[in-house]
Amino acid sequence: MKDASQTYHTPILFDASCNGMQHLSALFSDIELGKLSNVIANDEDIPGDVYTEISNSVKDTISNLTDDLLREKFKRLNITRSLMKRPVMTIPYNVSLNSMQEQLVSDGFL
């Protein structure tokens, strides 16, 4: 087991997958987000993928909607990792909901 209190001195900036999620996980000592954004190695030594995790979470949320009509409409949407990546990537930089909507539309959401 890795020691969560250990101090790391490798700058995030030198990681090829540098993004705001990595910065947030380090600033807030968020172990789970750190694993998903590869700031902290996973126990399985498999790189984390925050975008896949979020797209799976969105699909699970849709599957658990209690409104049958709404659930079936949302299930027709093609929620993918690539669709979720840009809006999620820009959340730490305070993207507005309108900008996020524009990103989703330009990426083929609707």
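Is it the case, given these coordinates, that LEU77 is surrounded by fewer than 10 Cβ atoms within 10 Å (Cβ to Cβ) and of a type in the set (A, V, I, L, M)?
no
Quick check: anything in segment 98-106 outside any helix (DSSP H, G or I), among the acidic types (Asp, Glu) and more than 17 Å from the chain's Cα centre (by Cα)?
Within segment 98-106, not a single residue is outside any helix (DSSP H, G or I), among the acidic types (Asp, Glu) and more than 17 Å from the chain's Cα centre (by Cα).
Assess whether PHE28 counts as being under 30 Å from SER5 (Cα atoms) and open to solvent by 60 Å² or more (accessible area, probe 1.4 Å).
Taking the combined requirement at face value, the residue satisfies it.
Given the conditions (1) closer than 19 Å to LEU24 by Cα; (2) of a type in the set (Val, Ile, Thr); (3) in a loop (DSSP other than H, G, I, E, B), which single one is not true for ILE91?
The number of the failed condition is (3).
Out of LEU77, LEU69, LEU65, LEU110, I need the residue that is part of a loop (DSSP other than H, G, I, E, B) and either at pLDDT 90 or above or in contact with a strand residue (DSSP E or B) (Cβ under 7 Å, 6 or more places away or on another chain) (or both). Which one?
Exactly one residue qualifies, and that residue is LEU65.
Applying the selection to segment 32-62, what residues are of a type in the set (A, V, I, L, M), part of a loop (DSSP other than H, G, I, E, B) and touching a residue at least 12 places away in the same chain (Cβ under 8 Å)?
Matches in segment 32-62: VAL39, ILE40, ALA41.
All but one of (1) open to solvent by less than 50 Å² (accessible area, probe 1.4 Å); (2) over 30 Å from SER5 (Cβ atoms) hold for MET21; which doesn't?
The single condition MET21 does not satisfy is (2).
Here are the criteria: (1) surrounded by 10 or more Cβ atoms within 10 Å (Cβ to Cβ); (2) in a helix (DSSP H, G or I); (3) without any contact (Cβ under 8 Å) to a residue 12 or more places away in the chain. Tell me which single one LYS85 does not satisfy.
(3)
The values are calculated or read from the model by the stated rules, or taken from the named source; none is laboratory data. Note that this is a predicted model, so its numbers are computed, not measured. So basically every Cβ, Gly included, is an ideal-geometry build from the backbone, and we count neighbours across all protein chains shown. Accessible surface is based on the protein model in full, side chains and every heavy atom, while ligands, DNA and RNA are left aside. Shrake-Rupley method; radii C 1.70, N 1.55, O 1.52, S 1.80 Å.
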